[in-house]
Amino acid sequence: MGIAAIFDWDGTLVDSSAAHKWAWETLAADEGLALPENHFVKGFGYTNPKIIREIYVWSQDEAEISRLGDRKEELYRARLGTMTLRPLPGVLPFLEALRAAGVPCAIGTSTPRENINVAAATAGLDGFFAASTCGDEVKNGKPDPEVFLTCAEKLGVPPERCAVFEDAPHGLQAAKNAQMLAIGITTTHPAQDLPQADLVIDSFADLTVSRLLELLQR
């Protein structure tokens, strides 16, 4: 029986947080909307509707939430076009090792599809992933397991044979809710803030494919 690896996107494979933060702040300024203290940390990794409705409390109107979210992503992609986006340390060698071992990979993210299409090409990560599921393609965002379960279904691998790589607590909780191996990476949060993880690493250089296989075969 095969295994699979599922990766969150921002903060796990790449770091485009500066572009996201700029986009939210530019949107708020353009629209005359207030941002809560530590707004970016509070909203990081959640879907735009949840951020706008529950964290920033900008609107409860679905059409307005959609408009604001779409505009934020337009700003993000425009900003991304001015940046040099690279994979985080250890990402490329680890993905190459997984490919050599025949382990299929997927992206499971709250980020909209169009953003992934732009960012993956910019970062040179096209071609490593057999499947992906994005935030605009699921009904329920993390910590609901829907995004990861959808990835597993696309890959044809049972959830219990999948490892999820995540930098955020609610993403790791989504992995646990999906009955998957949850591996935290300390790019966004320190290890003590990732209690949901079965294993915590500082970078992908800290984990070998053989060790991953051992963890999934327990």
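The values are calculated or read from the model by the stated rules, or taken from the named source; none is laboratory data. Given the structure is predicted, the values throughout are model-derived calculations rather than measurements. Every residue, glycine among them, receives a Cβ derived from its backbone with ideal geometry; neighbour counts consider all protein chains shown. In case anyone asks, the SASA skips ligands and DNA or RNA and just uses the protein heavy atoms, side chains included. Shrake-Rupley method; radii C 1.70, N 1.55, O 1.52, S 1.80 Å.
Taking PRO87, PRO145, PRO195 as the candidate residues, the one with maximal mean-square fluctuation in a Gaussian network model of the chain, Cα springs under 10 Å, is PRO195. Normalised per residue, the accessible area of the chain is 45 Å², obtained with a 1.4 Å probe and no contribution from ligands, DNA or RNA. Of all the options GLU146, GLU37, GLU64, the one that moves most in a Gaussian network model of the chain with Cα springs shorter than 10 angstrom is GLU37.
Would you mind calculating the relative contact order of the chain from Cα pairs under 8 angstrom and at least 6 residues apart, reporting the percent as a whole number? Reported relative contact order: 24 percent.
Looking at segment 110-216, the trypsin sites (Lys or Arg not before Pro) that sit in a DSSP loop and have at most 11 other Cβ atoms within 10 Å of their own Cβ are LYS139.
Computed from Cα atoms, the angle from the helix 113-123 axis to the main principal axis of the chain rounds to 60 degrees.
Annotation: amide H-H contacts under 5 Å for GLY11 (H modelled 1.01 Å from N, sequence separation of 5 or more, or interchain): SER16. Each label was represented as a point 7 Å from its Cα along the Cα-to-Cβ direction; for GLU62 and SER203 these points are 4.5 nm apart. Taking every DSSP bridge with both residues inside the chain, close to 5 percent are antiparallel. The candidates THR82, THR188, arranged from most to least accessible area with a 1.4 Å probe in the full protein assembly, appear as THR82, THR188.
Using a Förster distance of 25 angstrom, determine the FRET efficiency expected from the C-beta separation of THR82 and LYS139, and round it to 0.05. Efficiency for this residue pair is about 0.15.
Surface composition of segment 75-168: carbon plus sulfur atoms contribute 50% of the solvent-accessible area (1.4 Å probe, protein chains only, all chains present).
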